[in-house]
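The block underneath contains the structure these notes are about, expressed in structure tokens.
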Amino acid sequence: MLADAGGGGANLFAGDPRTRQAQAVDVVRWLGAVQAQDFAAAKWALALRMRAATDASVEHAFNEGQILRTHLMRPTWHFVAPEDIRWLLELTAPRVNARAGPYYRKYELDAAVFKRTNKVLTKALQGGKHLTRAELRAVLNKAGIATDDLVRLSHIMLRAELDGVVCSGRRAGKQFTYALLEERAPATKSLTRDEALTKLTERYFTSHGPATLQDFIWWSGLTVSDARRGVESINHHLKEELVDDKAYLLPRSNPSADSPLYPSHLLPAFDEYSVAYKHREAVVDLGPTVIIDGTAVGKWKAATDRQSVAITVTPSRTLKKSETLAIAKAADRYAAFVGLPAHVHI
């Protein structure tokens, strides 16, 4: 991964006013999909790339179904746009199912069982119902499907997501719910496999480039051959740069970011800047990371009470005065997101 903020850095952080997005779904659509197993962190990841956003506004977008959360690509939760969820599932669910195969067999879950569980879940959720996992567990148990083992239950729900039966519903307080995909997302025109490959590849390299083929394979969960086919289908839109004998791909029309709007960012855990690349030499780890001009300079954490949010930054090197000022501005953005004044400690 290239460590500077130019080129794909501007696209990924949406720091350039030309690429910053208005709505949460715009960010999700631009990036293709956004890893979201840490829900609070993922909301902040979206807000970082928006013109203006609060925790409440991103939560509202989620509850209203403007963005959906489900399992696809790599076997973890992702935010996706409603109009993209079906073709993304068709393209990537077979690989996720293959990876989950040993667990399906371990917990005696086969095609016949999944046909039955999907039918029970569909009946329970019909009519716009949004039910928690605990509520669906009770429904499945009542139907004679053993779900006392929570790992078995999680794989039943995983398969229902991958089969396009369920996706995220609105939250019930702090609890997550499931809803029927057919009721949560409008039907869209089907894509051929080649069309889906092309679209996913274009989304990735446009928003994440410069990136390598191996980065794309890691992020998408696709096979090497499928990833190569995807790159070949948009090759005329890409250019190649060699860095340390590695070939990085990025759009030919990549916007410049010589003067980024925000030189520093407080990245959440599992941000696309780190998790979307196979090699992460340029970042500290997958935890909350402070970056300046595209390069990691330390870690951060936030402690919130009713009056304020205390942000503690642990730098990995001595910071210049201009850098501490940039971090303070980044902290102000986070404070605006949570709706509290910030106190920064470095």
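The values are calculated or read from the model by the stated rules, or taken from the named source; none is laboratory data. What you see is a predicted model, and the numbers here were worked out from it, not measured in a lab. Ideal geometry is used to build each Cβ from the backbone, glycine not excepted, and the neighbour counts take in all protein chains shown.
Name the one entry in T177, T198, T192 that is without any contact (Cβ under 8 Å) to a residue 40 or more places away in the chain and surrounded by 15 or more Cβ atoms within 10 Å (Cβ to Cβ).
Numbers: T177 fails: without any contact (Cβ under 8 Å) to a residue 40 or more places away in the chain; T192 fails: surrounded by 15 or more Cβ atoms within 10 Å (Cβ to Cβ).
Selected residue: T198, the only one of T177, T198, T192 that is without any contact (Cβ under 8 Å) to a residue 40 or more places away in the chain and surrounded by 15 or more Cβ atoms within 10 Å (Cβ to Cβ).
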Looking only at residues that are surrounded by fewer than 17 Cβ atoms within 10 Å (Cβ to Cβ) and in contact (Cβ under 8 Å) with a residue 40 or more places away in the chain in the stretch 313-345, which one is nearest to A53 (Cα to Cα)? A336
For the stretch 38-67, what are the residues that are under 16 Å from E161 (Cβ atoms), within 12 Å of the chain's Cα centre (by Cα) and surrounded by fewer than 23 Cβ atoms within 10 Å (Cβ to Cβ)? F39
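Among the residues of the stretch 173-210, which ones are more than 30 Å from L238 (Cβ to Cβ), among the basic types (K, R) and not in a helix (DSSP H, G or I)? Spell out the reasoning first.
Going through the stretch 173-210, the residues more than 30 Å from L238 (Cβ to Cβ) turn out to be 173-187.
Those left that are additionally among the basic types (K, R): 174, 184.
Within the stretch 173-210, K174 is the sole residue that qualifies.
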Counted residues in the stretch 174-191 being small (G, A, S) and within 19 Å of A36 (Cβ to Cβ) come to 2
At pLDDT below 95, within 14 Å of the chain's Cα centre (by Cα), farther than 17 Å from H208 by Cβ and surrounded by fewer than 22 Cβ atoms within 10 Å (Cβ to Cβ) - does that describe any residue in the stretch 21-29? no
